[in-house]
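The values are calculated or read from the model by the stated rules, or taken from the named source; none is laboratory data. Note that the structure is a prediction, hence the values are computed from the model and not measured. Methodologically, a virtual Cβ is constructed for each residue, glycine included, from the backbone with ideal geometry; neighbour enumeration extends over all protein chains shown.
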Amino acid sequence: MSKAKRLIVNADDFGISSGVNKGILEAHKQGIVTSTSLMVNTPYADEAIRMKKSLAPRLGLGLHLTLSWGKPILPAKEVPSLVTSEGTFHNAFDIRPWRFKADHLRAEMKAQLQRFRDLTGEMPDHIDSHQFVANILPKAFSVLIDLSKKHGIPIRNPSPFLDIKTIKDLLEHMGDEKINILVLIFLKRYIKSNQAILKHHEKPGWPDRFEYHFYEHGSNLDNLTNILRELPEGTTELMCHPGYIEDLDEPYRYPREVELRLLTYQKILEIIRIQNIELISFAEL
């Protein structure tokens, strides 16, 4: 007997701006988005939660751990290895992992989880990471796994981050440029460390597959159509970033409105129906 095709469509970056908040809720109410993950260190996080509670109570909600955008939840003086002289996180493309102290990462990541609980009154139904920082850097990945184990919270499927060919493809797809040899050397070391971290991990649940190709130049109708038509049996998480960009000060801007149109496009809704794809959230794993 064949397994069902189940799909979590998760919109990253909830809370990054008012326009993105609006777009994510629209993509849920009028389209195929079933889940979102909240950035708690932003001025728009409170608004995001208010809007969700009133407009989209059934939308799945996770924590989008953020270590490369904005300011930390904790005072900068308490986590100095994580921040610049201005008190903001280092840009993801300027991160020097060796300067991060493990206790600073642990304190900030725990603070972000507590901030989520303070905002929502509940635990997240999953945890993922902005720009994959906590999925790739071993010191952060160790904390992510600890939080997942302690609270029984699912995480994004780590498999793509544990294979050098896949992680190279993922990062080149996200950054739209080739990964150099030095970065590859570090990535191989990170993978080995993260594999050891996972060795004794009791899996609390994650999807069978993580689909990351609906991004940047991949955010087009043909690609999304192919992803859905070729969706394998089991549970897949499809990452997306819908939103309106008028108030967004962030490099990934213009594809967000393209994604929003596609995720609410009638043809896509019809493909979901024809392919007999069950749309779910992380809470249904």
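Just a few scattered comments:
- If you go through region 188-231 and keep only what is within 20 Å of residue 284 (Cα to Cα), of a type in the set (Asp, Glu) and either in contact with an Asp or Glu (Cβ under 7 Å, 6 or more places away or on another chain) or not in a loop (DSSP other than H, G, I, E, B) (or both), you end up with just 211.
- Enumeration of residues in region 31-78 that are of a type in the set (A, V, I, L, M, F, W, C), without any contact (Cβ under 8 Å) to a residue 40 or more places away in the chain and surrounded by 24 or more Cβ atoms within 10 Å (Cβ to Cβ): 48
- Flag set for residue 26, criterion: among the acidic types (Asp, Glu), over 28 Å from residue 234 (Cβ atoms) and touching a Leu at 6+ places or on another chain (Cβ under 7 Å).
- Counting residues in region 234-255 that are basic (Lys, Arg), modelled with pLDDT of 95 or more and farther than 17 Å from residue 59 by Cβ gives zero.
- Within region 235-254, tally of residues that are more than 17 Å from residue 131 (Cβ to Cβ) and either surrounded by fewer than 18 Cβ atoms within 10 Å (Cβ to Cβ) or among the polar types (S, T, N, Q) (or both): 5
- Of everything in region 57-101 that is in a loop (DSSP other than H, G, I, E, B) and hydrophobic (A, V, I, L, M, F, W, C), the residue that is nearest to residue 128 (Cα to Cα) is 67.
- Test result for residue 23, of a type in the set (Gly, Ala, Ser), closer than 24 Å to residue 210 by Cβ, buried (at least 21 other Cβ atoms within 10 Å of the Cβ) and touching a Ser or Thr at 6+ places or on another chain (Cβ under 6 Å): no
- Search result, residues across region 116-168 that are more than 18 Å from residue 212 (Cβ to Cβ) and charged (D, E, K, R): 117, 118, 122, 125, 139, 146, 149, 150
- Breaking point among (1) under 30 Å from residue 122 (Cα atoms); (2) surrounded by fewer than 17 Cβ atoms within 10 Å (Cβ to Cβ); (3) free of Cβ contacts under 8 Å to residues at least 60 places away in the same chain, for residue 210: (2)
- Hits in region 12-31 - residues which are in contact with a Gly (Cβ under 8 Å, 6 or more places away or on another chain) and more than 16 Å from residue 249 (Cα to Cα): 24
- Top-ranked residue of region 98-115 - restricted to ones that are modelled with pLDDT of 95 or more and more than 19 Å from the chain's Cα centre (by Cα), ranked as farthest from residue 146 (Cα to Cα): 101
- Test: residue in region 113-124 that is of a type outside the set (Phe, Trp, Tyr) and buried (at least 19 other Cβ atoms within 10 Å of the Cβ): yes
- Qualifying residue in region 181-190 (condition: under 30 Å from residue 18 (Cβ atoms), aliphatic (A, V, I, L, M) and surrounded by 15 or more Cβ atoms within 10 Å (Cβ to Cβ)): no
- Count of residues meeting criterion [without any contact (Cβ under 8 Å) to a residue 12 or more places away in the chain and in a loop (DSSP other than H, G, I, E, B)] in region 131-183: 4
- Counting only residues that are in a helix (DSSP H, G or I), touching a His at 6+ places or on another chain (Cβ under 9 Å) and aliphatic (A, V, I, L, M), region 102-130 holds 1 of them.
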